[in-house]
Structures are given as structure tokens and as C-alpha cells.
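The values are calculated or read from the model by the stated rules, or taken from the named source; none is laboratory data. The structure presented is a predicted model; accordingly, all values stated were derived computationally and were not measured. Cβ atoms come from the backbone with ideal geometry, glycine included; neighbour counts cover every protein chain shown. Each accessible area value is taken on the protein alone, full model and side chains, heavy atoms only, with ligands, DNA and RNA left out. Shrake-Rupley method; radii C 1.70, N 1.55, O 1.52, S 1.80 Å.
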Amino acid sequence: MGKEELREELLQVLKDGVVNFEEDKVKEAAQRVVDEGLDAYDAVMNGLAAGMEVVGDLYDQHEYFVPELLMAADALYAGLDILRPHIKVEDLDQKVKGQVVIGTVQGDVHDIGKNLIKMMFEVAGFTVHDLGRDVPLEKFAEEQMRTDSEIVALSAMMTTTMMGMKKVVQMIKEKNPDVKIMLGGAPLTSDVAKLFGADGYAESAGNAVQEAIKMISQLRKLQNK
Amino acid sequence: MNDMTSRQRVLNLFSRKPIDTMPCFSGQGMVTVPAIEALGIRFPQIHLSAENMAGTAIKSMEMFGFDSAVVPYDMCTVPEAFGLEVSIYEDAEDILYPTIPKKWASPEEVVIPEDYVRKGRMPIVSEAIEILKERIGDTHAIGTWILGPFTLAGQLVELDVLMKMAFKEKAKVEALLDRLTNLIIDLGRHYREMGADYVNLREMGTGADLLSPRMFKTLVQPRLRKIFEAWSSPKILHICGSTDLIIELMNDCGAEAISVDHKNTLSETRKKIGNDILLLGDYDGFTLPSKASTQEIRDAVKACIDSGVDAVWPGCDIWPDIKPENMTAINEAIRDLGRSPTPAVGRT
């Protein structure tokens, strides 16, 4: 089997493995990518991320729901853990440079959406500073300043916790109006996100993944040109 | 109209007897900051004593003309009674509801003590209901709520673990849900014995933005049916978030009222479920009471009524830091615009 043929086959296994939640198959294929000296970044973007793109479409068509997204994410991470150490620094330098601060606001311990978005940022090559959940509001601004991150992503799953996000947006925008702020969570509407001064929003974990997938798709297209 | 008490208005609505006008009430938290301040206490304190819990419920009701008072306010009372630690955020200046910082690693580890109603803050909730019964029980309705089995399970075991196990180790998840279903049946009966007039089952972790309709049907619906079959009326099923895809399944759970939030397409829902069941919803509990103009409030209330609800009520807990004039305007609009018969309830 030629190298290109092998590449295509392994990319397909990685992609299908994510779509079908097959962690073991993904691990095996990722290891073969490494062992055969194939491009790890290519495997992440055109194998794992391509699989997540299909998962996103299936979510959009109401075929997949959040449990399916979570299982696909586990499969993706199984491959990413093997491939990431082998991504060449120059690959990342050429493709994506970026940092993001992410977390769920104080009073909220729901982090499914946050973790899915974190995964998509990691796949795209961003450096992710994950503050975890139930994070005191001032921590977001402090971490953004410390890391000089371009993006801050916040989530709150409850109506009773989303007000904290407004404060965080204010704190960050006061100090650095150029930082892009993404909000996520079930209680959000576009009006509320606008009211809070956010640059983008997603109302559910799946919806957030869809937005992140669009971003990754653009990257893949650029990479493949 | 003046002859009908608030309690009668609410109870008539649930038994689908004629009422004078639409009641202003909720099946979820509707405690307000003006009421908390009027009692000279802070937000965290409303969860920590029966007097504060009942007092703020009554004060909120009186200040804004609600037909009912509702307790408790937070979702951690049952998990706390099971032995999980709760963060109350006693020193926080902001409004922060209690949370469970650390949950059990898997469903089979969950411990349900026999005497859970006497543990943690459960006695506070029971006593708060008794206080409400004693002080307002003749004139106003007393509402309470309990998390549904899947949502409660998500307070005991991390939701992502639970969701994945629902695929991979379904029997373990089902065993926990069955245990919780029995507990919820008992707890609903207990709250009714304490004096609650209606119980709202909040199964908000099962909307179609989280679970598939297929999973709802196999994992959730049978247990909801069992609960509603065991509970006496009035009983409400509330699910927030995306409910358009599961509304028919919700209708087939045995509750006499379905409650949804503003992400539901109400007019379509009414067509799907028919006029033989109460539909409650679905104003935005944050925007309307704290941000909207008087005209926006009136338009939103009218839109709910035009879409076929039998009572206009919030789709979630009301954000406590309301503008008093907004809350009053919402309830005035509901009373004023709610004088005509609704699909399931006539007028006197």
C-alpha cells in the first residue's frame, strides 16, 4: 500500500471512529499514523476533526444529541492524546495561533458545553486555559490579562447563574475591548447575549460545537488549499 | 371576580373549572430581591431557615400580587440530604444559588438514606410549607416542586457520566432512576401532606437539546408516568429548553398540566396536544421582569395567551433581582388580558 493510500485509509478510520464512538479503533489508527511517520496534524484535522464535523451535522439533523456528542468527544480525545505530541511546531505556527480562556461562571457546576468547546479549540490548535467550573468572576479577567488571550469563553447552564456572565464581559471589555467574548448556555438568547455585550453566543452544547465546527471547517479548507 | 380567592382561582384552573381570570403564579422559584430586602436578610439566608424561606415566599407574593407562594428555591436540598456537600456561597455579594461541588462517580455509588426527609435542609422545606399553610393557606395556593428522576440523578452523578452510561451501561442508570422514581413519589406525597396544593415535577435535564426523543421515551417517560400515576392532582410536568420534539411524549406522561419555557413553539404545541390538557408558559423569567418595557411586557403576555396557554407563567425560576414595576406590570397584564376563556379552562 502506498503512503497516500495508507494516509487516506487511516484518515477514514479516524473519521468513522469518531462518528461511531469507537475509541479503540481511533487509538489504533492514531498510533499507526505515528508509527508510519505520517503527518499528525493532517490526521487531527482531516481525520478526527472531519469526524466531528459529521457528528455536528448529525446533531443538526436531530440524529445525534448530547450523549452522542460526548461519546464522539471521548473517541476524538483518544486519538488526539496520541497524535498531539507528534504535531510539528511549525505546523501550528503556520496554521493557528491563538489562546482562549474558558470556564463556567461561579454558581454553575455544569461543564458539558464548556468541555466540548474546549475540545474543539484544542483540535484547532489553540492554547486553552481552562479555569474549570464554578469560577469566581474576577478570575476570567485576571487570566485573560495574564495570558493575553484573544478569546474568553464563558458558560452558564442556568438562568440563575447567567447574570455572572454580564459582569465578566464588563470586567474584560473595560480593560481590553478587543478581546472576543463567547457566551454559552441554555438560558441564553441572542437578545440577552447582545445585552451582556458578548461577541458571540451558543444556546446549547451542541449548538456551540456547531459554531466551533464551522470555525474548524474554515481552517481545514484553508489548510487544504 | 372579587369573590374568588387566589387559592380557588389556582385550584379551579387545575381542575378545569371556570375561573374569573388567569391566575398569576408559578411552579418554580419566584422569590424576589425586594422581598428579601424588605425582610432585612441576604440571599443566602433564604435557603437556611424555614422562617426565611416561607417569609420571603409570602412577601414576594404579597408585594406583586401573585396567587401562590412557592418553596423551595434551590435544587440541592435532596442531594444534601443524601450526604453530598453543598456550596451555599454565604459570603457572596451576588445572587448565587446553592450548588453541589462534588458528586458521586457512578450511579451505583449513590446512597439514599431511609430518613432523608429528616436530613440536611429537608426539614426546613417541610416546615416552610407548613408555615405557608398556616399563614396563607386559606387564601392563596401553595406550590412546590421536585426534580424529575433524570435531572435529580444529574445532581448526584456528573451529567456527562450519566449520559454516556445511559448508552454504555444502561442497566446501572436505570437502577438509579428507579430508586429515585420511588423517592420522588414519596417526597411528592410528603409535601402534599405538609400542605402543598400543587407539585411541579421539573425534569429540565431531558429536553431535546440534551437527550434524544428516543432516549426520553425509553429512559425518562416510563418513570414520569409512574410518578404521575402515584401522585394525586394537581400535578405539573415542566421541562425547559428544547421541547418541540418531545411535547407529545410529555403530553403522554399523566400530568394534568404541561409547562415549557420560551424555547417552545407554543402555538404548535397547542395544536399537537389538543385542548384537553393545561398548557402553562412561557415568559422569559429574566428579561421580562428585569429588562422589558411596559409595552414589551404586555405584548409578551398577549403572545402567550394568543398561542393558547391556560396560564401565563415563567418558563424558569424568576431572576430574583426584578424591577418591581415590571413584576407588577406582568401580573396586571396577565389579569387584564386573561379574562377570556382559554383552550382548556372556561370563565365565570
On the basis of being open to solvent by less than 10 Å² (accessible area, probe 1.4 Å), at pLDDT 75 or above and in contact with a helix residue (DSSP H, G or I) (Cβ under 9 Å, 6 or more places away or on another chain), does A:Val209 make the cut? no
Looking at A:Met157, A:Met145, A:Met119, which one is more than 30 Å from A:Asp24 (Cβ to Cβ) and surrounded by 18 or more Cβ atoms within 10 Å (Cβ to Cβ)? A:Met157
Look at region B:263-284 and say how many of its residues are of a type outside the set (Asp, Glu), outside any helix (DSSP H, G or I), free of Cβ contacts under 8 Å to residues at least 60 places away in the same chain and within 18 Å of B:Ser26 (Cβ to Cβ). 4
Given (1) within 18 Å of the chain's Cα centre (by Cα); (2) farther than 17 Å from A:Lys114 by Cα; (3) not hydroxyl-bearing (Ser, Thr, Tyr), A:Lys173 misses just (1)
Looking only at region B:317-348, count how many residues are open to solvent by less than 30 Å² (accessible area, probe 1.4 Å), part of a loop (DSSP other than H, G, I, E, B) and over 19 Å from B:Glu256 (Cα atoms). 6
For region B:285-335, what are the residues that are away from chain A (no Cβ under 14 Å), small (Gly, Ala, Ser) and touching a residue at least 60 places away in the same chain (Cβ under 8 Å)? B:Ala311
Which of the residues that make up region B:254-263 are within 23 Å of A:Leu188 (Cβ to Cβ) and open to solvent by 10 Å² or more (accessible area, probe 1.4 Å)? B:Asp261, B:His262, B:Lys263
Could you tell me whether any residue of region A:83-96 is buried (at least 24 other Cβ atoms within 10 Å of the Cβ) and of a type outside the set (A, V, I, L, M)? no
Report, by residue number, each residue of region A:144-165 that is at the interface with chain B (Cβ under 8 Å from one of its Cβ atoms) and either in contact with a Lys or Arg (Cβ under 9 Å, 6 or more places away or on another chain) or under 15 Å from A:Gly103 (Cα atoms) (or both). A:Met158, A:Thr161, A:Met162, A:Met163, A:Gly164
Taking region B:277-316 on its own, how many of its residues are under 21 Å from B:Asn12 (Cα atoms), open to solvent by less than 10 Å² (accessible area, probe 1.4 Å) and modelled with pLDDT under 95? 1
Need the failing condition index for A:Ile102 against (1) more than 14 Å from chain B (Cβ to nearest Cβ); (2) in contact with a Ser or Thr (Cβ under 6 Å, 6 or more places away or on another chain), just the number. (2)
So how many residues does region B:213-230 have that are in contact with a helix residue (DSSP H, G or I) (Cβ under 8 Å, 6 or more places away or on another chain) and open to solvent by 10 Å² or more (accessible area, probe 1.4 Å)? 6
Using the structure shown, decide if A:Val168 is at pLDDT 90 or above, open to solvent by less than 20 Å² (accessible area, probe 1.4 Å) and more than 14 Å from chain B (Cβ to nearest Cβ). no
Here are the criteria: (1) more than 14 Å from chain B (Cβ to nearest Cβ); (2) farther than 30 Å from A:Lys3 by Cβ; (3) not charged (D, E, K, R). Tell me which single one A:Tyr59 does not satisfy. (1)
Any helices (runs of 4 or more DSSP H) falling wholly within region B:17-103 and containing at least 2 residues that are surrounded by fewer than 17 Cβ atoms within 10 Å (Cβ to Cβ): B:33-38, B:50-64
Scanning region A:185-202 for residues that are at negative phi and either in contact (Cβ under 8 Å) with a residue 24 or more places away in the chain or of a type in the set (A, V, I, L, M) (or both) gives A:Ala186, A:Pro187, A:Leu188, A:Val192, A:Ala193, A:Leu195, A:Phe196, A:Ala198, A:Ala202
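Conditions tested, residue by residue: (1) away from chain A (no Cβ under 13 Å); (2) over 19 Å from B:Ala344 (Cα atoms); (3) polar (S, T, N, Q).
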| site | (1), (2), (3) |
| --- | --- |
| B:Phe228 | yes, yes, no |
| B:Leu237 | yes, no, no |
| B:Asp252 | yes, no, no |
| B:Glu256 | yes, no, no |
| B:His262 | no, yes, no |
| B:Leu266 | yes, no, no |
Would you pick out the residues in region B:75-93 that are without any contact (Cβ under 8 Å) to a residue 40 or more places away in the chain and at the interface with another protein chain (Cβ under 9 Å from one of its Cβ atoms)? B:Ser87
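Could you grab me the full set of residues in region B:104-123 that are of a type in the set (A, V, I, L, M, F, W, C), open to solvent by less than 20 Å² (accessible area, probe 1.4 Å) and in a helix (DSSP H, G or I)? Explain how you work it out, then say what you get.
At the first step, the residues of region B:104-123 found to be of a type in the set (A, V, I, L, M, F, W, C) are B:104-105, B:110-112, B:117, B:122.
Those left that are additionally open to solvent by less than 20 Å² (accessible area, probe 1.4 Å): B:110, B:122.
Passing the criteria: only B:Met122.
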Can you pull out every residue in region A:173-192 that is buried (at least 24 other Cβ atoms within 10 Å of the Cβ) and at pLDDT 85 or above? A:Leu183
Quick check on B:Gly274: is it away from chain A (no Cβ under 13 Å) and open to solvent by less than 10 Å² (accessible area, probe 1.4 Å)? no
